[in-house]
Every structure is written in structure tokens, then in C-alpha cells.
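Below is one structure, written out as C-alpha cells; comments come after it.
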Amino acid sequence: SNNPVIPGVAQSSLWGMGKVISIEHPELNCVRIDLDPQQTIETQAEELFQEVWSEDKEDQVAWRGDERYVARLVASPHQQAISQQPDATTQKPLCLREDATYLITGGMGGLDLLVARWMVDKGVKHLVLLGGHSPDDVTSQKITELEMAGASVVVEQAYVSDLESMTRVLHKIEQSNIPLAGVIHSVGMLSDGVLQNYNLSSFEEVIPSQVEGAWHLHQLTQNQPLDFFVLFSSAASWLGSQGQGNNATIGGFFDGLAQYRRTMGLPGLSIHWGPIAQVREVAEQSLDVEASEQKIGVMSSTQVLESLELLMSGSDKEVGVLPIEWSKWQERVSQWPLLADWQQISQTTSEISKSEFLLKLKATAPDERRLLLVAHVRRQFALVLGINDPESISLETGFFDLGMDSLTSVELRNKLQTSLDCSLPSSLAFDYPNIQSLTDYLEETIILLSDNTGTESETPKEILDKDSLELESSGNRFSEINQLSEDEIDVAVDEAIGQLDQLLQ
């Protein structure tokens, strides 16, 4: 971007992307660290060094002075009110003014029009809807219905990322003598995919326009007395989801912008919506989470609007709104410190934990382990694709012939990686594209490795940890060598060559 976006807000985008990296490539151990910019370079380097060598599992850390902060997901005070109870009510009424203008961006999609209708029902008389294209017939009909309900609706065809166009839109609102009182900015449709399939253009086509658009709205309205400035993104950017790199990056930026505006004494609220019934763009952004993970439900339009009213009436800065079945999140909760407060809620689950499966595998007679491993791979594959009868999956039928795609291939790799407590290649399902070949590979790399390497009690992970210690020891030796003078290094090299010659003889 050519615009001077402040570092703290831009950094939030990196943290959003980091969540997706952690899910798609857990073997990279992606950790996000926010160093104190007020400290010296030496202090920052020392803090970074401590985090790199830290043995805890925190993956979101911030240093401020001598204090170390970590991220935790906590329940909103509105949780009961916006749960799926039919008698959910707001704590206090939200005041929307008849004598003010409200701007809604996002391409005039389903969520934009849902919010517009809600505002008109609340008494709003002046709306500006912003989109990059002229409204289609369905959208035009809905706009007509808003006008018939008593609202004046202005449709502005402009891209929010175009500063000149946005300046013109805001100038027209100012000239109307009906002051702008609130902004709701929605992401709209995004192009996404697994990170290993990304190239630079995959980011350049989406992220700069969304980031610049939100930043333009902030800059052009920061001197106006707004009642609210609300940013909409999806749950995928909040919790992270495979195949949602763009969403996560943009959602992270929205979070940072909302926080930044609050530090300036301005209104700012970032909301991460889960799948919404009959709202196309938000549903599609989060459907990958719902379909592949099967842990997040779908909200009704009524629940969305009740939640929106609650949040706009409160003091929250960043909130996720989605129905989660925590009992199906045990694996994620146990591994991700962000979700530590939800540990007890997610205790019950039908899936075999990694420790149980490895213990069962080692306790099984060697000539029966393959059958156990085949059954396990079948079950994990069935869970990923939603197949009710794992036994119906042929050993030779290709994964992709059964409906697997790049997203579900990553999920299968991650499930096997977790249950077998080892690191597996990201191309696993492509290199070994059926139950037969995948089991052959796992049997060779996991079972035989466990049998033939190290002590009998060592797991593949423990073996890898031992290798890491050996690398650390090598690093220490390198540090010692680095402190030698050039003459001492020459002598050491000559001695090493002499020892090598003796071995070769």
C-alpha cells in the first residue's frame, strides 16, 4: 500500500495471518511476538531471544516494559443475551437518529441490506449504500422496499479503496447538511485458498483494497462526531481457519484499526460473524469452517440483528459472534493457549486423543499394527469428508475421487499429525493419495521409526526433540568456534583435516 498505515494496525494483519499458518502448517510452530517499541534495540533483541527459546506453548505474546502479556479468549458479558435463547433481549435501547446519515459499505450484499432494513425499522431516514457495481434487480427491489418504508436511500457506485471516490462520497454527505452519524464497513466476497497455493498476486488482488478501504474510511471520518464505526469480518479471521489467509489478514487489520480508534477517543468496533443463514457473502466466508470442522453452527438473521444491537450499545472493541459446540473443540482447546479458559467446557469428545492412540498402537502386536493404522487413517479421512461409514472407503480409491480438495487435504494431514504426534509433509495427501499408499508411508515412517530408533519408550516426537537437542549442541559448538581468532581457527581446521585423513586411511 502507498498509504502510511500505522505499524501497530498493520501488525494486527500479520497476527491474523499467523493464525492460519498455525493451522495449515503446525510443524512451523508459528509464534507472533509484539516487542515494546519504547525499549532499546538491545532489550528488544533479548526479549525476542527469550521467546524463541521459550518452552511454553504461548503463540501470541506482547512485551510492554518488563511485563509479558499473552492472549486469551474470554466470554463476552453479552454471551447469555446473544446465545440461542428465544427470549434474548437487549440491555438498553440503541438510539439511531432520524436527522442523521448512516453509511453502509460492502457492495450492497445480503448482510448490508439486512442491516439497512434493520436501521430503517429503527427509525433511520437517511442511508448511503456504497458498492463497486450498480445494484442488480434483486438489490434494487430491496432498496425500493426501504424507500417505501420511509427512508431516503442514496446508492453510491464507488470502490472504498479509491481515496478520490471516497472523498467525493463523504463530501456529498457533508454538503447534504444531514451529518454522518455512523459507518458500517463489511468485507464482502474474498478470494481465498490454502497458503501453499498462494503467490504474491493472491494477496495483492484482495488485501490492499480492503485494508486501504478501511483506512480511508477512518481518515475521512476521524474528525466527525460519529456515534459508531463498525467493521464486519468473519469468524475465520478471528479463530483462524485453513484456506482463509486473506480473511484472517484483513480481519486482523480491522481489529487493530478498531483498537487504534479507541486510543484516539473515537468509536471503533470489530465484529467477527459466524455463518449467517440466507446471507450469502458472510455464510460463504465461514462455511469452510462449518463444513470441514463441523464445530460452528449457523445463526438466523434475527440472532445477528439482536447481537449487533447489543454490541453497538456496549463498549466492546473486538467480538466474535458464532454458535460453537465446544465439546468438538477439545483437540484445538488443548493445544491452543488462546482457548485455555474453555478447557473444562470441551472435555467430552468422541475422538481418540493422540496419547490414547499411540499407547494402543505400541501395545498392539507388531503383526497387527497395520490393521489398526488402516482403521485409524480411514476414520480420520471419514471425519474430514463427513463419511458416516469409514469401512465403505476402499483402500485403493483416490482421496480426490471421493471429494477431497486442497483444504480438506490440509485438515487430514493435521489430524494425522496430531494423533500420531509427529510432523508430516503438507503434500501428504497428494504424495500418498489413497488409504493404501498413505498407510504404507505412515507404517514406514512412524511405526518402524518408533521401533528401530532410540529406546522403546520414545515416541516419534521425542526422537525429534532429541534431534533438536543435538542441533542445539551443534549451535553451542558453533558459538564457541565463532569466538576463536583466525589463527586458532586455522589450527583447528588443520587438526580436523588430519583426523579425517587418519580415518580414511
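The values are calculated or read from the model by the stated rules, or taken from the named source; none is laboratory data. Note that the coordinates shown come from a computational prediction; the quantities given were computed from them, not determined experimentally. Here Cβ is always computed from backbone atoms with ideal geometry, including for glycine, and neighbour counts include all displayed protein chains. All accessible areas refer to the heavy atoms of the entire protein, side chains included, with ligands and DNA or RNA removed. Shrake-Rupley method; radii C 1.70, N 1.55, O 1.52, S 1.80 Å.
Highest-first packing order for the peptide set 381-390, 132-141 is 381-390, 132-141, based on the mean count of other beta carbon atoms within 10 Å. Residues whose amide H lies under 5 Å from that of GLN60, counting only those 5 or more places away or on a different chain, are ARG32, ALA71; hydrogens are built 1.01 Å from N in the peptide plane.
The packing ranking, built from the mean of other Cβ atoms within 10 Å per residue, places the peptides 263-273, 33-43, 142-152 in the order 263-273, 142-152, 33-43, highest first. What the Cβ-Cβ distance of SER54 and ALA365 gives, at R0 = 56 Å and to the nearest 0.05, is a FRET efficiency of 0.85. For the pair MET264 and SER313, a Förster radius of 22 Å applied to the C-beta separation gives a FRET efficiency near 0.55, rounded to the nearest 0.05. Sorted largest first by accessible area at a 1.4 angstrom probe radius, with every protein chain in place, the residues GLU46, GLU27, GLU156, GLU55 fall in the order GLU55, GLU46, GLU27, GLU156. A Förster radius of 41 Å combined with the Cβ-Cβ distance from ALA45 to SER423 puts the calculated FRET efficiency at roughly 0.90. Computed from backbone phi, the HN-Hα couplings of region 378-391 come to 4, 5, 5, 5, 5, 4, 5, 9, x, 8, 6, 10, x, 5 Hz, rounded to whole numbers (Karplus: 6.51 cos²θ - 1.76 cosθ + 1.60, θ = phi - 60°; Gly and Pro given as x). Within region 94-119, list the residues whose amide N lies under 18 Å from a label point set 7 Å along Cα→Cβ of SER176. In region 94-119, the label zone of SER176 (backbone N under 18 Å from the point 7 Å along Cα→Cβ) covers 96-109, 112-119. Close amide H partners of GLY320, meaning residues 5 or more places away or on another chain with modelled amide H under 5 Å apart, are HIS272. In this structure, the amide hydrogen of ILE276, modeled 1.01 Å from its nitrogen in the peptide plane, lies closer than 5 angstrom to those of ALA283, MET299, counting only residues at least 5 positions away or on a different chain. Highest mean first, the peptides 396-402, 313-319 sorted by other C-beta atoms within 10 Å per residue fall in the order 313-319, 396-402. With a simple spin-label model that places each label point 7 Å from the Cα along the Cα-to-Cβ direction, the separation between ARG72 and PHE430 comes to 4.1 nm.
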